[in-house]
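A.B. asks: Pasting in a structure now, in structure tokens, and then I'll have a few things to ask.
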Amino acid sequence: MNILENVSLKSYNTFGIEVKARYFVECWHVHQICDAVHWQKTNNLPLLILGGGSNVLFTQDFEGLVLKISLLGKEIIREDDENVWLKVQAGENWNTLVEYCVARNWGGIENLTLIPGTVGAAPMQNIGAYGVELQEVFEYLEAFDVASGTIYRFNKKDCKFGYRESIFKNELKNRFIILTVVLKLSKKPTLNFSYADVEKFLKERHIEPSVQSISEAVRQIRIEKLPNPAEIGNAGSFFKNPYISKKHYEYLKQNYPNLPAYPLNENTYKVPAAWLIEQAGWKGYREGNAGVHHRQALVLINTGNAQGKEIWQLAQKIKKSVEEQFGIVLQTEVNVY
Ligand code: EPU
């Protein structure tokens, strides 16, 4: 086990925030994870599990052990005429996995093209985009219990998936380290191109929907709208899209006739946080080294050497102004340390 001291986390978080981990270890094998957790407990230190670092905002140095998960590999564990069950190690890059499946015409995750991060992080927040969520292809995962050192299997029901939610972000926060994820992919996929942007992309170009063409459409839409973390530090959507009551929606609609909203049930509407933030005047805003992206108001950016605190302070101002204007309290999607 190679535990390093005072390691910069700048290249381990897509926001590109310069903070230090007091201790840092990268694990390629499960036995290294066992050893690292044992060491962290013996030394009574806080533990932080890191995948691709694409959904975190560091606001200060971490005075504990950062454990970077780099378990690699994937294998078909079952196959029939209709489906493939693929077991993937947690450290694999999510988008590389998507490309691998798309190239084989295995459907199910093509709408999740170009989402940054690792496979192990995907179930944590039930990643989703363009009308599809991870839970739709999820079979089970295996995770290491930090308290007991035992490896447990979690089926879909156990994970309590919700909109950008799972049990691992809530009741079991910091309790388990995800080691492998099993996905059920389809050889005869039901394609989902209902998301307006995807449908428009295909129609305009007279392209037939397929696993490949949807993946390509999503890739181009994302490149067009979202900043590339390799060029501009960011962690995707900073806030979740809020749910509001029908009564609240109808009240707002009187003052804001253009308010976009998607009914979820009789009583609840989902409203795009990006729209609220843009209406509140923040789109393209800059403050020091923190900013709001000029094409996607839900994405906060590091315009160059920002401190995590600057981004966090800007987020708080945005949150306050959206609450004052619309009576809606935005919830952070990104994990803040
Ligand atoms: N909009 C604005 N201003 C903007 C951007 C968007 O008013 O600057 C409005 C438009 O009305 C647009 C609506 O917001 O129709 C929705 O925008 P978009 O389709 O870009 O999606 P989003 O709600 O902003 C969500 C996810 C993204 C995911 C996209 C596509 C969340 C928190 N975010 O964003 O996920 O890629 O849908 O499915 O649910 C992420 O989680 O990090 C992420 C990028």
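A.B. asks: May I ask for the percentage of alpha-carbon pairs in the range 74-186 that lie more than 19 Å from each other?
C.D. replies: Roughly 39 percent, rounded to a whole number.
A.B. asks: If you don't mind, another one. For the chain, taking Cα atoms only, what is the radius of gyration to one decimal and the Dmax to the nearest whole Å?
C.D. replies: 20.5, 62
A.B. asks: Using packing as a proxy for protection, rank 221-229, 72-80 so that the peptide with the highest average count of other Cβ atoms within 10 Å comes first. Before the final figure, lay out the partial values.
C.D. replies: On the way: 221-229: 15.9, 72-80: 12.1.
Put in order of decreasing packing, that is 221-229, 72-80.
A.B. asks: What is the packing order of peptides 322-335, 108-121, taking the mean over residues of other C-beta atoms within 10 Å and listing the highest first?
C.D. replies: So the order, starting with the most tightly packed, is 108-121, 322-335.
A.B. asks: Using 0.36 nm times the number of residues separating N93 and N44, minus their current alpha carbon distance, what extension gain do you get?
C.D. replies: Roughly 14.5 nm would be gained on extension.
A.B. asks: Using a 1.4 angstrom probe, figure out how much accessible area the range 74-186 has per residue, in square angstrom, rounded to the nearest whole.
C.D. replies: That works out to 40 Å² per residue.
A.B. asks: Share of the chain's accessible area from carbon and sulfur, percent, 1.4 Å?
C.D. replies: Values: 7510 of 16180 Å².
With neighbouring chains kept in place, the figure for the chain is 46 percent.
A.B. asks: How much net charge surrounds C27 when only the other residues with a Cβ under 11 Å from the Cβ of C27 are counted, with Lys and Arg +1 and Asp and Glu -1?
C.D. replies: Numbers: positive: K68; negative: E26, D35.
My count for the surroundings of C27 gives -1.
A.B. asks: Report, as a whole number in µm² per second, the diffusion coefficient that Stokes-Einstein gives for the range 233-336 at 4 °C and 1.567 mPa s using the Kirkwood radius over alpha carbon pairs.
C.D. replies: After rounding, the answer is 92 µm²/s.
A.B. asks: Normalise the Debye intensity by I(0) for the range 4-69, one equal point scatterer per Cα, no solvent, then take log10 at q = 0.16, 0.19, 0.22 Å⁻¹ and round to two decimals.
C.D. replies: Normalising to I(0) and taking log10 leaves -0.48, -0.67, -0.88.
A.B. asks: Test of understanding: extend the Cα→C-beta vector of R205 to 7 Å, then name every residue of the range 88-107 with backbone N under 16 Å from that spot.
C.D. replies: 103
A.B. asks: Quick one: how many lysine pairs does the range 13-90 have with C-alpha atoms less than 24 Å apart and a gap of 8 or more or different chains? Give me the count, please. Spell out each step's value before the answer.
C.D. replies: Working: K20/K41; K20/K68; K41/K68; K68/K87; K74/K87.
So the count of such lysine pairs works out to 5.
A.B. asks: Also, quick follow-up: Report M124's accessible area, 1.4 Å probe, all protein chains in place, as a number in Å² to the nearest 10.
C.D. replies: Accessible area, nearest 10 Å²: 60 Å².
A.B. asks: Now for a different question. Going by accessible area, probe 1.4 Å, with all protein chains left in place, what is the ranking of H29, H206, H293, largest first?
C.D. replies: H206, H29, H293
A.B. asks: Mind checking the per residue accessible area of the range 233-336 for me, 1.4 Å probe, whole number of Å²? Don't jump to the answer; show the numbers that get you there.
C.D. replies: Working: 5220 Å² over 104 residues.
Dividing the accessible area of the range 233-336 by its residue count gives 50 Å².
A.B. asks: May I ask you to order 237-245, 33-41 by the average number of other C-beta atoms within 10 Å around their residues, highest value first?
C.D. replies: 237-245, 33-41
A.B. asks: Further question: Could you pull out the pairs from K169/K225; K169/K283; K246/K270; K240/K270 whose alpha carbons sit more than 18 Å apart here?
C.D. replies: Pairs exceeding the cut-off: K169/K225; K169/K283.
The values are calculated or read from the model by the stated rules, or taken from the named source; none is laboratory data. Since the model is a prediction, treat every value here as computed from it, not as a measurement. Glycine gets a Cβ as well: all are built from the backbone with ideal geometry, and neighbour counts include every protein chain shown. Accessible surface is based on the protein model in full, side chains and every heavy atom, while ligands, DNA and RNA are left aside. Shrake-Rupley method; radii C 1.70, N 1.55, O 1.52, S 1.80 Å.
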